[in-house]
Every structure is written in C-alpha cells, then in structure tokens.
Amino acid sequence: MRTTQIHSLDNPNQFKNQLLIWSQQFDDVIWLDSNNYKQNHSNFDAVLAVDAFTSIQTNFEGSFEMLKEYQTNVNDWVFGYLTYDLKNDVEDLSSNNFDSLEFPDLYFFQPKKLFLFKEDQVEIQYLKCVDDEFEDDLKEIQSKKTCHPEPFDCTQDELSQRVSNDIKIKLRIHKDEYFEKVNNMLAHIHRGDIYEANFCQEFYAENTSINPLDTYLKLNNISKPPFATFLKFGDKYLLSASPERYLKKDKETIISQPIKGTAKRSENTLEDEALKEALSKDTKERSENIMIVDLVRNDLSKTAIKGSVEVEELTKVYTFDQVHQMISTVTSKIKETTHAVDVIKSTFPMGSMTGAPKISAMRIIEKLEETKRGLYSGSVGYFSPTSDFDFNVVIRSILYNETKKYVSYSVGGAITAKSDPLKEYEECLVKAKAMRTVLEN
C-alpha cells in the first residue's frame, strides 16, 4: 500500500532541481521529464522514482515472460528499461558485437518513493515501510542548495564533485568505413532483402570520469526534449535527451509515435522555417517515415481489436531546440484481457530503430554494426498500478559505466534506396552534436 500526499509548489523547477540532487544517494533512480513540451497523449510533466523495494534484472532469455510475471505480481508502479538486445527473446537472433557498457538486458524496480509532477503540483507516493522517513526526506530535499534556472551554473558544492570534461571522443567506425558499410546496406536494399534499415555507429571515450547528473543537466538544457531521462542503476547511467515515444498504453488505447526524418535548425528565423518546410516536403524523408508507419501498424495489429489500428497523424514536422523532426502517431485498441507486457513484446524492438522487413533488417544491422546496442535504441519507462505504461526510445543519449570509466553515445539513420552515404553521415553528426558538445566542453 502507498501513502499519497499532494503539495502545491511556488517554484516547481527549483524543487525539481533540489529533488534530483537529493536522489543521487540512491542506487536506483529514474527521472523522466517532458520539459513542459505540450505533446498529445502526455500524462505528467515529470516523474521521479527512487530506491528499489523489489526489482528484477535478467539477460534476454525468457525476459518478457519474467517481466510479465513480475509486473503482474507486484501490481504497483514499476520503472525500468528494455535493451535493444531483447530482440533475441522475441526472434531467433543474437547480439555478438563488442560491448564495453555491460548493462543487464532488462531491469525494473518497484520504487519506495515516487514523485509525480503536473503543472505547479507534485503528488508524492511512498510505501508504508518508509512512512517514518518521509518528513525527514522533505526537509533534506528542501535543504539542498540549488540555483535557477540553470542548475549546472551552480557553485561546486551545490552539486556533487565536478569532474573536468577533458574528454577525447573516438569513432568506432571511421568515415570511409561508414561509407563502405552504408553501400553494403544499399546493396541489400537493391537486391530486395530489405526496404529500409536503421544503421548506427558508436562514439566513445575510455578511461574517462564524468559527473553524470551535471552532464545530464547540461544535455537536457541544450535539447529540452519531451522524453528526457536520467537513469542510475548502481554504477551505470543513462543521460538521455530523447524526443521520441516508443509506446504508451492508456486503458485500452495503444499509442506509438515513430520519428523518421530530421533537419537541422537555423538561428535565422526565415531560414529555419524554410528548413522545416523543406523537411515536410522531402520525398525521401516522408517515404522513410511512411515505411515505418506501415511497420508499426502491422506490429500493433498483432494485439489490436480488428479494424482498430489508425494513423492519427502522418509525417507531421515538430520543432525541437536542436533539430526539426518528422513524427507520425499510430493508435490501436486492445481487449481488456490483453496483458500490457504482451503488447510491448509484440512490437519490440521499435520499428524506427530497426527497419523493414523487421527481422531481415535486424540481421543485417547486426552484421554491419561494430557495437552491441544494449540500452541505446532500447527503451525506458514505467508501468502504473492499473497496467498502463509509457516508454520512450533511447536515442540522443550518453551511456556511462562509472566503474569501467567508459562513456559512449551512438547515433544512426534510416538507410533507404534513395540514401546518399555522405548525407547520412552528415545527419549523424547533426544528431550527435549535443552529446559531443556536452562531453567535450
């Protein structure tokens, strides 16, 4: 059973900053932030879950059934992540590429303490076993020094110890090799093996220490995306500026919002509008998006009530701080008896990070990419006590293994018959800009 308290906040942003600093004492932390981005189908402005009461972690084998059993039995809020490599539980696939991050394939926990933000209110829920701690928690949160509006400009003692970001980013795939691999993928497309595939490359730094919370705050401040995430799991961290929702369940309605199609921003207003308009009319970008919409429609149909799959929004261009993005919204209805985890399993991994046909694309991706994707292009989110859920797509993200002192970020793009390897490479650099800026400066 949970106790609930609702508090009105004079300064929600300041309380959020204080809360994030306070949360760092725990080994299990998930912070989800919409950055007040008003997008359809939103529930909360931000959510923080901390301190595991129960948890589950596993490799890919039988992972969805284990998650199904755990989520059913706990019957409470559970937060966690699904790595891309859970594809191996869904299909006869493998993940044998290099992995220096070493995240477990799946991790979920039932938080002792939960903070749900909506406008100028925070709803605080906590398990009965921590009743005695709650008032002390509030005092501790409010005592944390912070500043407003940009927490990373605070003095050194207001966040945990700074680490100098003297970081040298390396490329796992160099430019000429990237062109060779994209041309290899294009050969598969011209032979008819696939229509489209998402090809990703890793950028990394070894023997490197960063301040995870400080780095996340800097990244979030640059991008202000609707699905930002700070995740701490022991010595492993995800710092994500994701703009993309993977999948949401709201009672019997399922919502997927794949992103395909990217254009850079301009500081010149007229030029910026022209870039946005050009993206909306770009036949290659539209065809990329529409192919993934067809894939998502097919995935949703596996659990949908017959005739209920609909395209609510097709190739609409949204503007973010760093880029313009083309987003579509696909919905379906499921029976009340359909299990939430079965909906996720039947659509995983998300089409925007795989390709079409999905299984063939994933096999080719595995051969051509150099790095195991792990949590990158996986998903972070939560299940509610009523078995609703909301999960993002882990892109535009920095991953960090503190013990191994290994920092990584990956970027990718959809390769289609019309792809130009040079333009695809340049698009990757646009997507990587915010992560590189944060780490190198």
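The values are calculated or read from the model by the stated rules, or taken from the named source; none is laboratory data. The shown structure was predicted, so the numbers you read here are calculated from the model rather than taken from an experiment. Please note: Cβ atoms are built from the backbone with ideal geometry, for glycine as well, and neighbour counts cover all protein chains shown. Just so you know, the surface numbers come from the protein's heavy atoms only, side chains and all, with ligands and any DNA or RNA stripped out. Shrake-Rupley method; radii C 1.70, N 1.55, O 1.52, S 1.80 Å.
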Under a Gaussian network model of the chain whose springs join Cα atoms within less than 10 Å, the largest fluctuation of 348, 53, 227 belongs to 53
The set of residues whose placed amide H lies less than 5 Å from the amide H of residue 260, leaving out same-chain residues fewer than 5 positions away, is 326, 328
A correct Karplus calculation of ³J(HN,Hα) over region 319-335, with 6.51 cos²θ - 1.76 cosθ + 1.60, θ = phi - 60°, whole Hz and x for Gly and Pro, returns 10, 10, 4, 9, 8, 8, 10, 9, 10, 10, 10, 10, 10, 8, 10, 10, 6
For the chain, the dipole about the Cα centre with charges only on Cβ (Lys and Arg +1, Asp and Glu -1), to the nearest 20 debye, works out at 940
A 1.4 Å probe over the protein heavy atoms gives the chain a carbon and sulfur accessible-area percentage of 46
Expressed in square angstrom to the nearest 10, the accessible area of residue 265 with a 1.4 Å probe stands at 80
Of the candidate values (1) 190; (2) 139; (3) 154, the one computed for volume of the Cα convex hull per residue in Å³ from this structure is (2)
Heavy-atom accessible area of residue 338, protein chains in place, probe 1.4 angstrom, given in Å² to nearest 10, is 30
Per residue, accessible area of the chain with a 1.4 Å probe, heavy atoms of protein chains only, in Å², comes to 41
If every Lys and Arg gets +1 and every Asp and Glu gets -1 at its Cβ, then about the Cα centre region 160-237 yields a dipole, in debye to the nearest 20, of 300
If every Lys and Arg gets +1 and every Asp and Glu gets -1 at its Cβ, then about the Cα centre region 224-314 yields a dipole, in debye to the nearest 20, of 440
